[in-house]
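Inspection log for the structure reproduced underneath, given as structure tokens.
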Amino acid sequence: MSAFERYGFTEKQISHFVLGNVLSDIQEKVVLAPCWLPETVGVSDREWISSEPVGVWNCKAGDKYFTFIITGVGAGICSDVVLSLKTTACKEILFIGSAGALSENIKIGDIFLPKSIFCGDGLCRYLQENIFEDIFGREIFLNMDIQNRIRTIAEDICVRQGIVCHVGKSISVETIYSQYRHIDTFLKMGCECLEMEGAAVVMSAQMIGRSCAAVFCISDNSICGQSLINIPEELINYRKSIRGKIFPELLNAYVNI
């Protein structure tokens, strides 16, 4: 008997609760974004199929179909969405979103591909058999087969568009307010950027046996005095313009490889 059945329901029922009445509509390739609408990353051929409790679209790039899901911000909901994909046709997940740089060499609008992500949240603890084992600070490695495929695509696009593409280590935090007290610690760990969901997404994908890649667009850089609180509007608009240049081509190539 599964953990779910002990409490009177099935795994598919909880997936339905998390994703809505769309389980049979989910495609083999899924793009997850905490808050980017599909049109902001160039997805024009799309059909909205659910907004409760998360936003789900079935989309087309070329002659291939994929599913686009807006999860909402934070490790908890992202993990629940990924785990719920176990009961669908999903085989691969591409996680896209914003990240803050922790290096003077990484500028707003640059593209960042993590080769590993440190756990800096509490949610990942729930993904273990032993919930009392503290995994805060554990380095989580992505599936390099799919991540290297995405890296090849992203670097090619960035070269042609004149955008800088970085590969390095990230850390997933679960606070905006309190992260600034610990920036020095993150730097000592070798982290070059931070975001809020990556570790949970990758660990959840590994838990259900799905391949997962991640690509971030740099939205801020506290090291250079450009935190989320004081970014000039022109830099915000510049980052959005880069997102609009890079991600449409990236998603099209990902879906069609």
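Worth pointing out:
- Set side by side, the residues Ile140, Ile135, Ile163, Ile171 differ, and just one is within 25 Å of Gly244 (Cβ to Cβ) and either charged (D, E, K, R) or surrounded by 15 or more Cβ atoms within 10 Å (Cβ to Cβ) (or both), which is Ile163.
- Within the option set Leu113, Leu85, being open to solvent by less than 30 Å² (accessible area, probe 1.4 Å), part of a helix (DSSP H, G or I), aliphatic (A, V, I, L, M) and within 29 Å of Pro248 (Cβ to Cβ) holds for one residue only, Leu85.
- In the range 44-82, the qualifying residues are those that are among the hydrophobic types (A, V, I, L, M, F, W, C) and part of a helix (DSSP H, G or I), and the one that is most open to solvent (accessible area, probe 1.4 Å) is Ile77.
- For the range 165-191, taking the residues that are touching a residue at least 40 places away in the same chain (Cβ under 8 Å) and closer than 11 Å to Phe118 by Cβ, the one that is farthest from the chain's Cα centre (by Cα) is identified as Met189.
- Ser98 in contact (Cβ under 8 Å) with a residue 60 or more places away in the chain, more than 14 Å from Leu250 (Cβ to Cβ), among the polar types (S, T, N, Q) and surrounded by fewer than 23 Cβ atoms within 10 Å (Cβ to Cβ): yes
- Residue in the range 3-24 that is of a type in the set (D, E, K, R) and surrounded by 22 or more Cβ atoms within 10 Å (Cβ to Cβ) present: no
- Checking Thr152 against (1) assigned to a loop (DSSP other than H, G, I, E, B); (2) surrounded by fewer than 21 Cβ atoms within 10 Å (Cβ to Cβ), the condition it does not meet: (1)
- Checking the range 236-256 against the condition returns no match, with no residue being open to solvent by less than 10 Å² (accessible area, probe 1.4 Å), in contact with a Ser or Thr (Cβ under 9 Å, 6 or more places away or on another chain), under 23 Å from Pro38 (Cα atoms) and among the small types (Gly, Ala, Ser).
- Residues located in the range 72-96, provided they are more than 13 Å from Arg210 (Cβ to Cβ) and touching a strand residue (DSSP E or B) at 6+ places or on another chain (Cβ under 6 Å): Ile96
- Qualifying residues in the range 116-138 (those that are in contact (Cβ under 8 Å) with a residue 60 or more places away in the chain and not in a loop (DSSP other than H, G, I, E, B)) - the one farthest from Gln161 (Cα to Cα): Leu127
The values are calculated or read from the model by the stated rules, or taken from the named source; none is laboratory data. Not measured: the values here are computed from a predicted model. Here Cβ is always computed from backbone atoms with ideal geometry, including for glycine, and neighbour counts include all displayed protein chains. With ligands, DNA and RNA removed, areas are computed over all heavy atoms of the protein, side chains included. Shrake-Rupley method; radii C 1.70, N 1.55, O 1.52, S 1.80 Å.
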